[in-house]
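Encoded as structure tokens, the structure appears first; notes follow it.
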């Protein structure tokens, strides 16, 4: 790629991991994902900060997206420095040392049939 | 955060609170939400204005998003100066005295299985 | 509003009105909508052009969004100069003489439970 | 159109073709689509590059969108230089020699009722 693709900072205001799931796992587990794309030739060191309604932010959560790779990170799987609580409103800021593209997706399988949402995150 | 994240004004053109719900409440109540993220060190004083098809706008609705917090506001819960009517087309402008990020989500549970939509609002 | 909100031109690349519906009508009729918000003090004269896979574009479709109003226009209801065909890929350009905000939504009720999508249109 | 509409490069970070489908095909086949709109008077020569989690990118995939036309391309249908694998995280960069608009959609029919997502791609 001639020019770097993406931005160094992105935000997602809508975060919520539904509590409860229907269907085979892991694919039908209710989850939220931030999808990161690094088209560049250098690995991206990405840091997530999670914001809450009633407490100070959590993080940073460290993620590496190798050069010319995509990584789809489930918030459910974040463990360090602490898990992201279920059924809790949150939001997220994504910071990277090289430009990346960020997109947010949720699969909600609390009811028998799954529902999906996605949006490109807000570049900032 | 070194630089402020977000914008002082956002718009959502698609507003509609479905009439009727299925499933346990409050989580499966049909609703629309504006998710606000304030990453800054000052509280955000946010004002919503609701636009309609056939009458003058309603508002302002006053909301405070504390510093380093997110607030997910259900349009269903707005009361002052007046409730937002159900099953009625509307739109919304969000104004804040400090930069915030805004995202719009709907959960529609009029049928047995819920449907979801989301989009980052339009920064303007 | 101090400054005009929105843009004079928007595009939606994904257009498709599903053929067939389940549930009570008109609310559960499969449909696509462009939601327009005009926060200004002048009426907006909006013109839609519909693009297809295999023929020249159709339009213009003329719509007025009064000052300080929102209008949610179902593509299903467009008649002049010609209806928008069902089960057919299309795309749309929205042009307005004053700034407006445009958002695109589909309700798909071909199966028993409805599915929804939305996105802010592309400002251009 | 007086001015060209769109951009020469777009990115989609969230790619995933669900494995398995319910309902009549091809319309209810689980699929992902990139919708391209070319409002200009010259054909658009579009090239897709697909990024993965654990291997080098695939492509380019060559697509022509004729002047004043839209083309909705299912990733499921891409064959040359290689098919896009199912149930695999991927991402996509879209490059065009003339401005186009790009939007991303998924229909997931792994369960009995379909779920849908869409977003305007990230212009870059």
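Figures for the structure shown
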{"quantity": "Single condition residue C:71 does not satisfy, out of (1) facing another protein chain (nearest Cβ under 8 Å); (2) under 13 Å from the mean Cα position of the chain (by Cα); (3) not in a strand (DSSP E or B)", "calculated": "(3)"}
{"quantity": "Single residue of the range A:27-37 satisfying the filter (within 8 Å of another protein chain (Cβ to nearest Cβ) and outside any loop (DSSP other than H, G, I, E, B)) that is surrounded by the fewest Cβ atoms within 10 Å (Cβ to Cβ)", "calculated": "A:33"}
{"quantity": "Checklist (1) crowded, with 22+ Cβ neighbours inside 10 Å; (2) within 10 Å of chain C (Cβ to nearest Cβ) applied to residue B:123, failing item", "calculated": "(1)"}
{"quantity": "Verdict on residue B:8 being under 24 Å from residue A:17 (Cα atoms), out of contact with any helix residue (DSSP H, G or I) (no Cβ under 8 Å at 6 or more places or on another chain) and more than 12 Å from chain A (Cβ to nearest Cβ)", "calculated": "no"}
{"quantity": "Filtered residue count, the range B:44-68, keeping only those that are assigned to a strand (DSSP E or B) and either in contact with a helix residue (DSSP H, G or I) (Cβ under 8 Å, 6 or more places away or on another chain) or farther than 17 Å from residue A:91 by Cβ (or both)", "calculated": "12"}
{"quantity": "Residue A:41 vs. criteria part of a strand (DSSP E or B), over 15 Å from the mean Cα position of the chain (by Cα) and surrounded by fewer than 22 Cβ atoms within 10 Å (Cβ to Cβ)", "calculated": "no"}
{"quantity": "Pair list, Cβ under 8 Å, 6 or more apart: the range C:44-57 residue within 7 Å of chain D (Cβ to nearest Cβ), other residue assigned to a loop (DSSP other than H, G, I, E, B) and surrounded by 23 or more Cβ atoms within 10 Å (Cβ to Cβ)", "calculated": "C:51/D:39"}
{"quantity": "Only one of B:101, B:93 that is at the interface with chain A (Cβ under 7 Å from one of its Cβ atoms), touching a residue at least 60 places away in the same chain (Cβ under 8 Å) and part of a strand (DSSP E or B)", "calculated": "B:101"}
{"quantity": "Where residue A:78 falls short, out of the listed (1) away from every other protein chain (no Cβ under 13 Å); (2) within 18 Å of residue B:69 (Cα to Cα)", "calculated": "(2)"}
{"quantity": "Residue within the range D:11-26 that is more than 7 Å from every other protein chain (Cβ to nearest Cβ), at pLDDT 95 or above and part of a loop (DSSP other than H, G, I, E, B) present", "calculated": "no"}
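One line per residue, one yes/no per condition, for (1) within 11 Å of chain D (Cβ to nearest Cβ); (2) assigned to a strand (DSSP E or B):
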{"position": "C:82", "(1), (2)": "no, no"}
{"position": "C:97", "(1), (2)": "no, yes"}
{"position": "C:107", "(1), (2)": "yes, yes"}
{"position": "C:111", "(1), (2)": "yes, no"}
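The values are calculated or read from the model by the stated rules, or taken from the named source; none is laboratory data. In this text, all values refer to a predicted model and were calculated from it rather than measured experimentally. Cβ sites come from the backbone with ideal geometry, for glycine too, and all protein chains shown count toward neighbours.
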